[in-house]
């Protein structure tokens, strides 16, 4: 596992040249796309992500800012002649949505589109060097986070004294929920939504979202090494205060800035 590239870091409404949620996780052998908000494929082009290397796509939930870009990306992959299979992991109703969109457009993909509904919790997928699990979050509709774990450390990591592979947790839209910390305990890198600054904690609670200090508290409880924060409300033009507030609780906090690749060490 090498790092994560931020394609979109805003919440429901695009604003201030920020886009809805999407990230690319780079593993040793391939790329994983995590959520696919509107505009994701434009961001993929802009940041020179190799679409052909995307093997699996993980969709956390069916609010539009997390999957409205999916059908466009799938269609483009077909038009560009993709032939290798593409695996979609997401809420069960997503398959019906995709089938409707493809059928009504009379679209016939040149590759095998394989859909895997998410379980309530637990194992999701396994590749040569990576295992993926999911866990529920506390959101207004059914929503999942994802935990990506390397099976074993690289030779360089072993030489540096690391006894296990790296791990990354994507904590999707959620209210403050201490149970999440137990599900990702000891994670190396984690992403947690911070839709609002902490002065709007009551607003966050009512809308099933989290604040800066709440996200940082989850990272602290989980014993994480690094925290990325994103899913910023479009009410905020500037983001520096998000990092400042979260860092007061968890110093190793970074803004999930679009176009930035965070390399895992």
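Read-outs: derived from the displayed coordinates by stated rules, not from any lab. The model shown is predicted, which means the values in this text are computed figures rather than measured ones. A quick note on method: Cβ atoms are made from the backbone with ideal geometry, for glycine too, and the neighbour counts reach across all protein chains shown.
What is the extension gain from residue 225 to residue 240, computed as 0.36 nm multiplied by their sequence separation minus the C-alpha to C-alpha distance, in nm to one decimal?
Extra length from residue 225 to residue 240 when fully extended: 3.3 nm.
By its C-alpha gyration tensor, with a ≥ b ≥ c as the square roots of the eigenvalues, how is region 109-152 shaped: rounded for a/c under 1.5, else prolate for a/b larger than b/c, else oblate?
Oblate is the answer for region 109-152, as a/c is 1.5 or above yet b/c matches or exceeds a/b.
For the pair residue 265 and residue 97, what calculated FRET efficiency results from E = 1/(1 + (r/R0)^6), where r is the Cβ-Cβ distance and R0 = 41 Å, to the nearest 0.05?
That gives a FRET efficiency of 0.60.
Only helical DSSP H runs with n ≥ 4 go in: add -39500 (n - 2.57) per run for the chain, normalise by residue count and round the 222 nm mean residue ellipticity to 500 deg cm²/dmol.
Taking each H run of at least 4 residues, the total per residue is -7000 deg cm²/dmol.
Quick check: residue separation of residue 162 and residue 75 times 0.36 nm, minus the Cα distance between them. What number comes out in nm?
Residue separation times 0.36 nm, minus the Cα-Cα distance, leaves 27.2 nm.
Fewest to most neighbouring Cβ within 10 Å: what's the order for 185, 56?
Fewest-to-most ranking of 185, 56: 185, 56.
What does the C-alpha gyration tensor say about the overall shape of region 3-256? Classify as rounded when a/c is under 1.5, otherwise prolate if a/b is larger than b/c, or oblate.
oblate
With the crude spin-label approximation of a point 7 Å out along Cα→Cβ, what separation in nm comes out for residue 208 versus residue 52?
4.0 nm
Averaging sequence separations of C-alpha pairs under 8 Å and six or more residues apart, then dividing by the length of the chain, give the relative contact order as a whole percent.
Relative contact order comes out at 17 percent.
Rank the residues 65, 198, 173 as a footprinting-exposure proxy: fewest other Cβ atoms within 10 Å of their Cβ go first.
198, 65, 173
Rounded, prolate or oblate for region 182-247? Axes are the square roots of the Cα gyration tensor eigenvalues, ordered a ≥ b ≥ c, and the cut-off for rounded is a/c under 1.5.
Since a/c reaches 1.5 and a/b is larger than b/c, the shape of region 182-247 is classed as prolate.
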